[in-house]
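> One structure coming up, written as structure tokens, with questions to follow.
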Amino acid sequence: ARAALQPGDVWEVVGGAGVGGIIVREGRDRSSEEVTKRLATGALVRVLESDAGRLQYELLAGEGPSRGWVSSNLKGKDLLVKADIQDLLESQSGSQDEIVKPSGNARTALQQEDSDE
């Protein structure tokens with residue numbers, strides 16, 4: 001079940017690892033002019049428009065042209081996958097486990113306070 005390409009969604013480039021990324025074109029058609037630089041594997045893009053397996057993107061993070069058209073899959077393989085924003089935020093801000101969960105010592109101290117009452 002492939003996720004639908006919706007404008008505003010953030011996608012991650014997973015294709016083109018062995019060749020420096022995926023091909024970017026100036027226009028919607030696969031026959032439109034190819035941009036010289038590729039969209040690097042691992043780049044994050046926001047979908048501006050989608051049409052028949054093609055998407056116009058805006059680069060958010062990573063290497064590549066700031067805008068262009070790419071194929072979402074090639075020969076049955078996904079070139080982009082929908083990014084999990086929550087995972088991205090956690091990986092950029094460090095481990096959220098350390099921030100959200102109290103340490104074992106804090107839990108023990110709270111339990112001791114409760115038992116003193």
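The values are calculated or read from the model by the stated rules, or taken from the named source; none is laboratory data. Note that the coordinates shown come from a computational prediction; the quantities given were computed from them, not determined experimentally. Please note: Cβ atoms are built from the backbone with ideal geometry, for glycine as well, and neighbour counts cover all protein chains shown.
> If you check ARG28 against the conditions, is it in contact with a Phe, Trp or Tyr (Cβ under 7 Å, 6 or more places away or on another chain) and in a loop (DSSP other than H, G, I, E, B)?
Values: in contact with a Phe, Trp or Tyr (Cβ under 7 Å, 6 or more places away or on another chain): yes; in a loop (DSSP other than H, G, I, E, B): yes.
So ARG28 passes the test.
> Between GLY20, GLY15, which is touching a residue at least 24 places away in the same chain (Cβ under 8 Å) and in the same structural domain as LEU79 (by TED's automatic domain parsing)?
Every option except GLY15 fails the conditions.
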